[in-house]
Each structure stands twice: as C-alpha cells, then as structure tokens.
Amino acid sequence: MLEILPQIIWFSLLASAIYALVAIGLSLIFGILEFINFAQGDFAMVGAYLFFGFVIEGGLPWWIGIAMVVIVAALMGVVIERITFKPVRKSPPFIPLVISIGVGALLQAIMIFKFGGSVKSYRTEGSKAEVYKLFGDTLSVTQSQITLMFVTAGLLLGLYLFLKYSKTGTAIRAVADNQDVAAILGVSINKTIGIIFAVGTALAAVAGVMIANEQNLSITMGLSLGVKAFAAVVLGGVGSLPGAIVGAFIIGFSENFIVGLTPIPSSYKDAIVFGLLIIMLFLYPNGLFGAKAEEEARA
Amino acid sequence: MLNKFTRTAGISILGASLMFLLSACADGPIDQPTDTPTDQEVAEESNTIKVGAIFPLTGDGAAYGDPLQKVAQIALEEVNAAGGVNGKEIEFIWEDGKCNGADAANAARKLIEVDQVKVIFGGFCSGETLAVAPLAEAAKVIVLSPGSSSPDITTAGDYIFRNYPSDAKQGKVIGEEANNKGYAKVAMLTEQNDYTIGIQNVFSEHFTGEIISETYLPDDSDFRTALVKLQAEEPDALFINPQTPTKADLIFKQIEEMDWDVDMIGNDVVAGYQDLTTKYADLVEGMLVAEFAFDRSNPDFIALEEEYKSRTGTDLPYGTYASTTYDAVSIVKDMLAVSETDTDAMKNFLYGISGRTGLSGSLTMDSNGDPNFEHRLETIVGGEVVPYESEGSMMEEGDAMESESMEEAEA
Amino acid sequence: MFEIFTNTNYLLGFFNNVAFLILLGLSLNIIMGYVGYLNLGHVGFWAIGSYTYTILLMQGHDFFVCLFAGAIAAAIAGLILGLPTLKLRSHYIGIASLGFTYIVHSLSLNLTDITRGPLGIPGIPRPTIFGISFQPNHMYFLLSWAVTIVSGIIIYRLLHSPWGKILETIREDQVAAKTLGKNIFLYKIQAFIISAFFAGIAAGIYSSFYQYIGGTNSFFIPQLLLLLTIVMLGGAGSFWGSVVGAVIVWIMYEGVRFLPIEAGLVGPVQQATYASVLVLIMIFRPRGIMGKNVKILQK
C-alpha cells in the first residue's frame, strides 16, 4: 500500500488545486452578496468548452485561446449578474440561490446546443503526454499536471496580491466588510460586484480549461465540481478566503485517500464528500474558520 | 428604474432562449440524416409502416449510435427503393435511448402507446434493450436488437430478438485464452452497465486465475486512483471493459500517463473503433480482443463501406455492428411482409430464420431469439485489428474456429 | 399533429405524470412554503421511496404494504436529514440537503446488490388489488389519481389545521411562536417527516407507472430542477399553487415534443425551457402564480 502513497498524494493535490480555484470565486461572491452561486461549476464547464471552441475547433494558438476564455468568461459573469442577480439583490439569499440553479441548467442546455452532448477531449491524435518518473518510479507526473499546479499557485498568489494591494482589491474588501459604509466612502457597489463576478467567473473558467486538459469535457462536469467547491467553502467557513482553500484541500485529500487506501471503490467519492460535509456542518455550523471570520467582521 | 431594467433583462433572457431554440432547430450539432422524418410527418402519411427505433443518439453511446443510425438509414432507403413492403414504405421513428435504461424505457413507452408501433428496432446498448424488453413483452411488441450483447437478453422474453451474438461467447473465448497464456492474476476495470457487467461475469466464469476488480460509474472521468490501485496488485494483464470508446479513450490516456506497461485485454467496443486503436497504437499493441467473425471482404459489405464514406466523408467504424444493423433492417422488411400487424406471426417468422445470408454471415435464430454467430479472438498490431495467432495447444482450435467462421460467412 | 389529443393513451399518460408530480410538489411545498426552508433533498426522498416500493413489490408484496413501506422509508430519511440540519441557517440547509441528494444518488448507483446500480430496475409491475388488475393505462390512471387525491386531502387538512397555523406562525415570527410556548424544532421536524412521507407515496405511483426506475440520469439534478420549478412557479406556501405548477410544468415539458426538433435535442430544450421559466419567475414574481408573500421571500 505504501508504494502508492506518493501517487495518491499527488492526485489529491491536483484535485485540491482545482477545487480551490472554483471555491475562491464562490467565496468571493458569497462574501459580498451572501448567496450560494450554484452555477459556479457550470462557469468552469463553459470555460472548458469555450477553449475547445476557440483552440481545438477554431484553430487559434492556445495562449490566445486562454486569453479569449478569460475575457469571454469575465464578460459572461458580469452580464449574468446584471440580468439575473442584480434585480433580486435586496431579496433573501433563497431567491438568487434558486436563480443560480436555473442559470446553471440553462448554461448546460446552451452548451449542448452548441457542442453536442458527447464527451470531448483537447487531446489531438498523435500527441502523447510527457511523463516524468520521480521517487524511484513510485510517482509519475505529466506536463499538464505540473502546468496545472503552477497556474493554480500563480493565480491564487495573484489574487491575494490584487485583493491586498490594488485599489480595486481594497474596494472589494471594503464592500465585503460593510456595503453601506463602503458606499458612503464613495465605493461604487455595482462596479465592485461586477468586478467580483468577472474575477470569480474567469477563475472558474480557467479551472475548467485545466480540468478538461487533464481529463476531458462533458456537459455535466460542472455539477459536482461546483457543489464540491461549495462544500470546500462551507468547510472552511463562508466568507473566509484562506478557509476556502483549506476546505478545498480537505476535500481533495479525503476523497482520494479514502478511495486510494481503503477497499472502498472510487465510485463512492461523492457520497464520502457530502457525508463529511453534513457531519462537519452539524459539528461546526459556521465552518472551521467561520466563527473567527464572523468575530472579525463584528469587531 | 430598476423595474424598467429588469423588464428589459427578462425580455433579453426570453429572446436569448428563443434564439437558442431556433438555432437548435436550424442546425443541430448532432448531424443526423436530414431526411429523417419527424413523427408528425409519419402520422400524416398512411402509406407507410411505422417502426420504432431506439439507438443511443446523444451522449457517449452516440459514438456508435450515430454511425449505425446512418447505416440503418442506408439499408432502409435501399429497402424502400426496392419497393418496400406490399407497396408501402417503412418509416423508422427514431428515439434517443441515451445508452441507459430510463431513457430507453421512456422512448419505448412513447413508441408503444403513442405511435402504436408493432416493432421496435433496437435498443443498441444492452441496458436499453433490457429496459425495453418487459414493456414490449407486455404489449406483445417485437424487439429486434442489432447490437445488444448482454447474456441476460437471451432470456429477456419471447418477443425479444437479436442478430448480434451474446457475450457469453466473447467472455468465454477471452477467458480461455487468458488461461492458456498462463495468466494467474488479471486486473479488470469495468463500467457499471449491462453490457460490461455481462462480459465480466462470463469472463470470471471461464478464467481460472484471480480477478482484481474495480468498477466505475458511467459518468466518471477520473480513473487514476482506481488504476493505481490495480497497478499496485501487479497483475499479469489488465482487462479494459468500458461501454463506450469515449471512456476507453480516457482510460488509455490515463494509463499512458502512468507509464504502466502491462499486457492488455479489451472488449469489442475497444476493438471496433479504429480511431482509438490507431490513436493509442503503442499502448494497445498486442491487446487481446474478441469480435464476432464475419467476412469483411464480402462485396456487399465493401459497398456499404463505400456508401457510408461517400455520405459522411468518414470511414465506417464498428464493421461488426454495421453488418448486423444492415442485416436487421432487411430482416424487419421480410418480417413485415409476413404480417404488418400480427406480432405472433412476426415472432414465428423470426424463430424460423435458418441459414439466412447477410453481411454478418449465415444467420440461424435459436429458440431464445439469439443468433448462431461465434466470437473470434483478435489482436491489435500497429493500430490494426488482426486475427489472433493462438499460442501452443490452442493453435489448431483457433485456426479451426477461424476457418469455420469464414466458411459460415461464405455460405 | 392534433390527433395526439384524441389519442387516449397519450392523454392517460399525461395525466398519470401530472398525478405524481402534483403530489411531489405538494409534499415539497410543506417544507419550502410552510416551514420556509430551501429543501434540495426532496429528490432523495423520492428515490428512497421508489426503491423501497419497487423492491418490495417485486418480491410480491401487497400494493398498499409497498406504498406505505416506501413512504415510511422516505419519512425515516426525512428524520435523518432533518435532525442534523434543521438548526442550520436556511442556505446551509440548502447545501446540506443537496448533499443528501448526492449521497442518495451515489448510494443508489453503488449499492448494486439492492438497487442494481446504473442498470436500474426494469419490468416493475403495475399492481393487482382485490383481483383487479391495474395494468392497463386507464385503470392505472384511476389508481394514481385516487392515491393523489386522498393524499392531497390529508395534506390540505393538515395545513389548515391548528398544526398548520402554528407552522405558519413559526415561519413568520419565530420569537412570537416561542413566546407562545411552542417547541419550534419539534414542529419543524414533524413537517419534514410528513413532507418526506408523501414524497414516498408519490414515489410509489411513479415507479409502477414508469415500470422502470434508476440509472445514472434518475433522481438527480434534472428532477430536482423539475420539482423546484413546480413549487416556485405555482407559488411557495400555496396549496393550489403546487397543483397548478405541476400541470403547467408538465404541459411545457410535453410541449417540447411537438417542436420540430431532433429526438436528441428534446431533453436539452426541455431543460432550457424550465430553467428559463424558473429564472424569470424568481426575478419577476418570486411568490409564483398563486403564492402568498411569505417571509422566506422577503428580506
């Protein structure tokens, strides 16, 4: 059993990185608008298909493709927010949440119309994955997996710097803290919320592209991704960005370790994650970091 | 202000949805034959005989459902061009079974109750046919599947037929050859579907060594953890047992990324899709597979391949399924000539089929509504599926079987 | 195309569908409309009821025993889900109950010895009661409507009893209800159990009508979307709203069949239709067609 440990740890890291990217966007939105955006996973799915459309079908170079994905996804996020969530901003969280379920389903249907329902892959004929062997052959990693780790780390670091040091980032944190005070101080609430949706959607879309590069594309790929990312946010404590990342790692590691090191088959992954989530909610209704975050907000 | 905005927004959502509906009607991404008539058209024409048809038209199963729907349409056009049945044309009412029981059962209920068909052509995936069977049996509707191979279909009902052989034979020849090769431990990665589980069950009946089994759900796409677990067991061979080529593609990719060099065995979904065997030619070199034997050099089959290529611009995949699908359409025609409405007469006609020549060989239906066809061992060399040269004592038997099936095809 | 409306079998099928959808809508409405919690786990109750009913029926048990057993099994599941989650805030209940749907879905696919997993259970019989066979569509129509109407009357009486009034008081003002000396948690958990119980009844008539249950596409997000649309379109908190909602949703669903589109696109168009309707109704009229302005819909 021990000889497969490095491989399992690597798979856990990969899964965690992807959950973290989607979870950060969710957490940002939740921090300000206080509703759960169930369409977040579907944003990732749309990103993956956009890249497929631009690069595999459209023949653009990959770096232009990824830039287009980021731009289109960010725009999409803003437009969806303006059309569907802005009119109900003063409503209880129940309503935007149900709307986001509808938006996600609508995005799936649209992608089926555009690309068809069958599973697709970025991989073209003849291209072969580069495989590197580490730790005396106990660990194989591929180029796309290494790319995924570096891109994720870069994006998370970039986001941290953006929120901490840029003017817009400061505005976002101000709005998250207290919308009314921020408005009095002259921060445009609408603009800030728009930026949050743009950033959150673009992050999810990039995550989608990387998952698709690692595995493949399917219309329903966003479903469990979004819900697992949300589970990560809840585990970490809503509104806390470091919490969301920790939550993502808890979920990524627990599902891979339980499946990899016990006789439980991999098809139980979802049941494990959500069982864990319900137990955690029962024990820590505010998440691991949530109570602290709330205190900070109050102080 | 807000009200005005929300109203505009609402209208734009509606407009956008409508646009998508329209574009969906105008040019759907799923390129089905454009001459497929819709249900209404069929109902309006009284000079046709309606036959229900359930294939996997979307989803992963469309990898074979789609090309084989085209093959069926080619065969149908030929039948109708030659005068149809009693001067009437046969029309297929296509329904999407999505390679799963729930959708196939829904489609069958619609075909039986609303369209009131007497014959259902398909399902294709075993799960489709097994879900359709009880409904058809209760309504005394004939089911003729050209592709479902689960051993369970043998006993699925009196009105349930197929002209594709049961996997009882596929699992047997592979299992025996695995014994013959001296494998002591075979790792098996099986999708949870009627077809694949059928193969696993029969293989484990005939294989005398140890089987390490991992299963996955039809929606899964990450097999790495399962593969790592199997690899840690250090098996002599790895049996890849997916329902669709899409899944096989993913599994091969992930094996390649693990850099795992192991003897491989595959089912006939893997073997029948040349795009796949050429894409992973290095990985699948020497893979042991079994397909049912038919004569690919038959001029009629070559004509079908050419017709398919001229219509679609692509090579015909799944020659074995294509041959049975093509033959099944002509069986439907002869069956409807016996009676257009009396399914008991149709049933007796089907049970009476003996030595009927077609692309797939000389067909004799047994008392369970199963065909007499045999599976033959094959292997993959340089991305091509070629007859398998058995080792040692199996040599003569393998050759004998091969020549036997060739004779059958020629007969 | 209009000859379809004179096709008795088609019409019977239509109304058989409407029957169990009304009952599913009514039962979900108890939680969403009267308790005021977003319950995304209703599909899980439906699944548990269906499997219990089907497995017992196929062992040859009496119809009413099976129907009742399915309902009891669902009710127990309601208790199990309600106990740890009912004290959470509303949107946390949303995610926890969605997790429940995932867990039930995952178990239904994995516990293959009981459920046959992705293969589903084909060939479910229609019952014979006191020697009368309900196999033909018109007979089954009578049975399913009898069950729906009796259940509907019970739900109606319950909601208009003192018990139902207390439930509404709790929803509108927890503090007031508490000062009246009511054990709020007890009332909520009772409502949860009753809601799940009737979902189990609906599941029974659903299973014998379709004569096939299970598979990867059943009891999951599309079905959840369908139920949410029924309740929200008709109006949360309105008894007749769920009835109207079920009828309208099923007309939309069937209507798509008559559009001139290919068989493979019917599913996505249906999904797009009711996703759009759900989004629009939540933006423009969150209380639905017949709904009252209940507290969950205000801020």
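The values are calculated or read from the model by the stated rules, or taken from the named source; none is laboratory data. Just so it is clear, the structure is predicted and the values come from calculations on it, not from any experiment. Note that each Cβ is placed from the backbone with ideal geometry, even for glycine, and that neighbours are counted across all protein chains shown. For accessibility, only protein heavy atoms count, side chains too; no ligands or nucleic acids. Shrake-Rupley method; radii C 1.70, N 1.55, O 1.52, S 1.80 Å.
The set of residues from region A:220-239 being outside any helix (DSSP H, G or I) and either surrounded by 24 or more Cβ atoms within 10 Å (Cβ to Cβ) or more than 9 Å from every other protein chain (Cβ to nearest Cβ) (or both) comprises A:G237, A:V238, A:G239. Within region B:202-250, the set of residues being within 14 Å of chain A (Cβ to nearest Cβ), closer than 24 Å to B:E285 by Cβ and β-branched (V, I, T) comprises B:I212, B:V228, B:T244, B:T246.
Residues in region A:246-276 that are in a helix (DSSP H, G or I), of a type outside the set (F, W, Y) and open to solvent by 50 Å² or more (accessible area, probe 1.4 Å): A:V246, A:I250, A:I258, A:L261, A:L276. The requirement of being within 30 Å of C:F185 (Cβ to Cβ), of a type in the set (V, I, T) and within 8 Å of another protein chain (Cβ to nearest Cβ) is not satisfied by C:I153. Scanning region C:204-217 for residues that are of a type in the set (G, A, S) and closer than 23 Å to B:G97 by Cα gives C:S207, C:S208, C:G214, C:G215. In summary, helices (runs of 4 or more DSSP H) completely within region C:24-123 and bearing 3 or more residues that are within 14 Å of chain B (Cβ to nearest Cβ) and out of contact with any His (no Cβ under 7 Å at 6 or more places or on another chain) occur at C:42-58, C:90-110, C:112-115.
Here is a yes/no grid of residues against (1) within 11 Å of chain C (Cβ to nearest Cβ); (2) modelled with pLDDT of 80 or more:
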residue: A:A244; (1), (2): no, yes
residue: A:E255; (1), (2): no, yes
residue: A:S267; (1), (2): yes, no
residue: A:L276; (1), (2): yes, yes
residue: A:N286; (1), (2): yes, no
residue: A:F289; (1), (2): no, no
residue: A:K292; (1), (2): no, no
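When each of C:S208, C:S195 is tested for being more than 11 Å from chain A (Cβ to nearest Cβ), under 15 Å from the mean Cα position of the chain (by Cα) and of a type in the set (G, A, S), the lone residue that passes is C:S195.
Taking first residues from region A:221-236 that are of a type in the set (F, W, Y) and partners that are open to solvent by 10 Å² or more (accessible area, probe 1.4 Å), the Cβ contacts under 9 Å between residues at least 6 apart in sequence or on separate chains come to A:F230/A:F30; A:F230/A:F38. Each residue in region C:130-171 was checked for being open to solvent by 50 Å² or more (accessible area, probe 1.4 Å) and of a type in the set (V, I, T), and 6 of them qualify.
Scanning region A:106-153 for residues that are at pLDDT below 80 and of a type in the set (V, I, T) yields A:V119, A:T124, A:V131, A:T138. Checking the condition touching a residue at least 12 places away in the same chain (Cβ under 8 Å) and surrounded by fewer than 23 Cβ atoms within 10 Å (Cβ to Cβ), which residue from B:E89, B:E95 passes? None of the other options fit; the residue is B:E89.
Looking across C:A275, C:A236, one residue alone is open to solvent by less than 30 Å² (accessible area, probe 1.4 Å), among the hydrophobic types (A, V, I, L, M, F, W, C), facing chain A (nearest Cβ under 10 Å) and not in a helix (DSSP H, G or I). It is C:A236.
Looking across C:I48, C:I30, C:I55, C:I76, one residue alone is within 14 Å of the chain's Cα centre (by Cα), open to solvent by 10 Å² or more (accessible area, probe 1.4 Å) and not small (G, A, S). It is C:I48. Considering only region C:255-270, I want to know if a residue exists there that is touching a Cys at 6+ places or on another chain (Cβ under 8 Å), open to solvent by 10 Å² or more (accessible area, probe 1.4 Å) and more than 11 Å from chain A (Cβ to nearest Cβ). Within region C:255-270, one or more residues are touching a Cys at 6+ places or on another chain (Cβ under 8 Å), open to solvent by 10 Å² or more (accessible area, probe 1.4 Å) and more than 11 Å from chain A (Cβ to nearest Cβ). Annotation note: Cβ proximity below 7 Å between a residue of region A:256-272 that is more than 16 Å from B:L227 (Cβ to Cβ) and a residue that is aromatic (F, W, Y) and modelled with pLDDT of 80 or more (sequence gap 6+ or interchain) occurs for A:D270/C:Y102.
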